[in-house]
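Colleague: If you scroll down you'll find the structure; I have some questions about it.
The values are calculated or read from the model by the stated rules, or taken from the named source; none is laboratory data. Not measured: the values here are computed from a predicted model. Because the Cβ atoms are built from the backbone with ideal geometry, glycine has one as well, and the counts that use them run over all protein chains shown. Remember, those area values only see protein heavy atoms, side chains included, never the ligands or the DNA or RNA. Shrake-Rupley method; radii C 1.70, N 1.55, O 1.52, S 1.80 Å.
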Amino acid sequence: MTTPTPSVNRLRPRRSCLAVPGSNPRFLEKAQGLPADQVFLDLEDACAPLAKEGARHHIVDALNNGDWSGKTRVVRVNDWTTHWTYRDVITVVEGAGPNLDCIMLPKVQDAQQVVALDLLLTQIEKTMGFEVGKIGIEAQIENAKGLVNIDEIAAASPRLETLIFGPADFMASINMKTLVVGQQPPGYPADAYHYILMRILMAARTHDLQAIDGPFLQIRDVDAYREVAGRAAALGFDGKWVLHPGQVDAANEVFSPSQEDYDHAELILDAYDWCTSEEGGKKGSAMLGDEMIDEASRKMALVIAGKGRAAGMQRTSKFEAPEA
C-alpha cells in the first residue's frame with residue numbers, strides 16, 4: 001500500500017452519483033451535461049460480457065476527451081471473483097489515469113480485495129509516471145460477508161474514499177423476500193435496511209470516509225426515490241446513486257440542507273466564534289435567540305454548513321453581535 005499525497009481531496013461532493021454504461025458512447029456523452037456531483041462509468045453490471053472489452057476503450061476515450069467539469073470521475077470495474085478485473089484496471093488507469101478520480105470496486109467481501117486493488121494501482125502509477133496515491137477507491141458492500149467485515153474493509157487502504165451500499169445483490173445474499181430493490185419487504189413492520197445502513201455509516205465515519213446509498217430501480221417514480229433517499233439522508237449519508245437523469249435533481253436536493261437549516265448553521269458558527277472571543281467575553285456558551293449554543297452545537301452546525309457550502313449554497317442571513 002501507499003500513502004496518498006497530502007493534496008488529494010478525499011471528501012468530494014457526492015450527493016448524486018450517476019451510473020453510466022461504459023458500453024454506450026451516447027450515454028457517456030450525455031452524462032457530461034447532467035448536474036450530477038459524481039459520474040461512474042460502469043464496466044460491471046451495466047455491460048454485457050461481450051461488450052466489456054470495447055467498453056474499456058469507450059471509457060478511456062470519454063475520460064480523456066470529454067468535459068467532466070465539476071464532476072468526480074469514477075470507473076466501476078468488475079469484482080475480483082471474475083477474470084475481467086485486472087484488465088479493467090490496467091486498461092482504464094494506464095489509458096486515462098490523469099483524468100480519473102477513483103476506481104469503484106464492487107462486491108467487496110474482505111480487506112485483502114481492497115489491498116490488492118491498492119497495490120495494482122500503485123504499480124500502474126509508478127510504471128506510467130503518474131502521481132502515486134492520487135486515484136481513490138470506492139468499496140461497494142453487496143453481501144453479508146462484506147458487511148460483517150466492514151471495519152477491516154474501511155481500514156484497508158488510505159486510498160479509500162467511500163463505502164457504498166449495493167442493495168440488490170445484498171438483498172439476494174440474505175434471501176430477503178422482495179423483488180423491488182430499495183423498498184421495504186412485505187410482512188416486516190420496521191425498516192429492514194436500518195441496521196445495514198447504520199453499520200455502513202458507522203464504519204465510514206470511524207475512518208473518515210463518505211457513505212453512499214445505492215440505487216432505486218423504479219426510475220420513473222421520483223417521489224418514491226425521494227422517500228428512500230430521505231431515509232439515508234436523515235441518518236447522515238452523503239449521497240445516493242442515480243440511474244436516470246430524472247433522479248439527479250431529487251438527489252441533489254435531498255442530500256443538501258434546506259436554506260433555513262443552512263442559514264441557521266452558519267449563524268450558530270458565527271455566534272459561537274463571537275461568544276468565545278475576547279470581544280464576546282470568552283464564554284463557552286451563549287444564546288442565539290431563544291437557543292443556547294455551545295461546542296456541541298458548533299460541531300453539529302459544521303456538518304450542515306459543510307454540506308451547504310459543498311452544494312454551493314449562499315447565505316441569506318447575517319450574524320449581528322448583541323449590544324453590550
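Colleague: Which residues, taken from the stretch 14-66, are open to solvent by less than 40 Å² (accessible area, probe 1.4 Å) and more than 23 Å from the chain's Cα centre (by Cα)?
Modeller: Within the stretch 14-66, 51, 52, 54, 55 meet the criteria.
Colleague: Same structure, new question: Sort out which residues of the stretch 92-120 are surrounded by fewer than 19 Cβ atoms within 10 Å (Cβ to Cβ) and either in contact with a Ser or Thr (Cβ under 9 Å, 6 or more places away or on another chain) or of a type outside the set (D, E, K, R) (or both), and write them in order of number.
Modeller: Initially, the stretch 92-120 is screened for residues surrounded by fewer than 19 Cβ atoms within 10 Å (Cβ to Cβ), giving 94-95, 98-99, 110-112, 115-116, 119-120.
Matches in the stretch 92-120: 94, 95, 98, 99, 111, 112, 115, 116, 119, 120.
Colleague: Scan the stretch 121-128 and give yes if some residue there is at pLDDT 95 or above, more than 21 Å from residue 25 (Cβ to Cβ), crowded, with 22+ Cβ neighbours inside 10 Å and under 23 Å from the mean Cα position of the chain (by Cα), otherwise no.
Modeller: In the first step, residues of the stretch 121-128 are kept if they are at pLDDT 95 or above; the result is 121-128.
Going one step further and asking which of them are more than 21 Å from residue 25 (Cβ to Cβ), we end up with 121-128.
If we keep only those that are crowded, with 22+ Cβ neighbours inside 10 Å as well, we get 121.
Remaining after also requiring under 23 Å from the mean Cα position of the chain (by Cα): 121.
Yes, some residue in the stretch 121-128 is at pLDDT 95 or above, more than 21 Å from residue 25 (Cβ to Cβ), crowded, with 22+ Cβ neighbours inside 10 Å and under 23 Å from the mean Cα position of the chain (by Cα).
Colleague: With respect to residue 89, determine if the residue is among the hydrophobic types (A, V, I, L, M, F, W, C), within 21 Å of residue 119 (Cβ to Cβ), touching a Cys at 6+ places or on another chain (Cβ under 6 Å) and not assigned by the TED database to the domain that holds residue 303. Walk me through it before giving the result.
Modeller: Details: among the hydrophobic types (A, V, I, L, M, F, W, C): yes; within 21 Å of residue 119 (Cβ to Cβ): yes; touching a Cys at 6+ places or on another chain (Cβ under 6 Å): no; not assigned by the TED database to the domain that holds residue 303: yes.
So residue 89 does not fit the description; no.
Colleague: Going by the conditions given, is residue 155 open to solvent by 10 Å² or more (accessible area, probe 1.4 Å) and at pLDDT below 95?
Modeller: No.
Colleague: Being over 17 Å from residue 242 (Cβ atoms), open to solvent by less than 70 Å² (accessible area, probe 1.4 Å) and not hydroxyl-bearing (Ser, Thr, Tyr) narrows it down to one residue among 194, 207; which is it? First the steps, then the outcome.
Modeller: Values: 194 fails: open to solvent by less than 70 Å² (accessible area, probe 1.4 Å).
Only one candidate qualifies: 207.
Colleague: For the stretch 159-179, enumerate the residues that are surrounded by 14 or more Cβ atoms within 10 Å (Cβ to Cβ) and either over 16 Å from the mean Cα position of the chain (by Cα) or among the aromatic types (Phe, Trp, Tyr) (or both). Explain how you work it out, then say what you get.
Modeller: Start the filter on the stretch 159-179 by keeping residues that are surrounded by 14 or more Cβ atoms within 10 Å (Cβ to Cβ), which leaves 159-171, 173, 176, 178.
Answer for the stretch 159-179, where residues must be surrounded by 14 or more Cβ atoms within 10 Å (Cβ to Cβ) and either over 16 Å from the mean Cα position of the chain (by Cα) or among the aromatic types (Phe, Trp, Tyr) (or both): 165, 168, 169, 170, 171, 173, 176, 178.
Colleague: Now, a different point. Return the only residue of 292, 313, 287, 300 being assigned to a helix (DSSP H, G or I) and over 23 Å from residue 182 (Cβ atoms).
Modeller: 300
Colleague: Okay, next question. Can you list the helices (runs of 4 or more DSSP H) lying wholly within the stretch 172-279 that have 3 or more residues being under 28 Å from residue 27 (Cβ atoms)? Please lay out each step first, then the result.
Modeller: On the way: elements: 194-206, 222-235, 245-254, 259-275.
Correct list: 222-235, 245-254.
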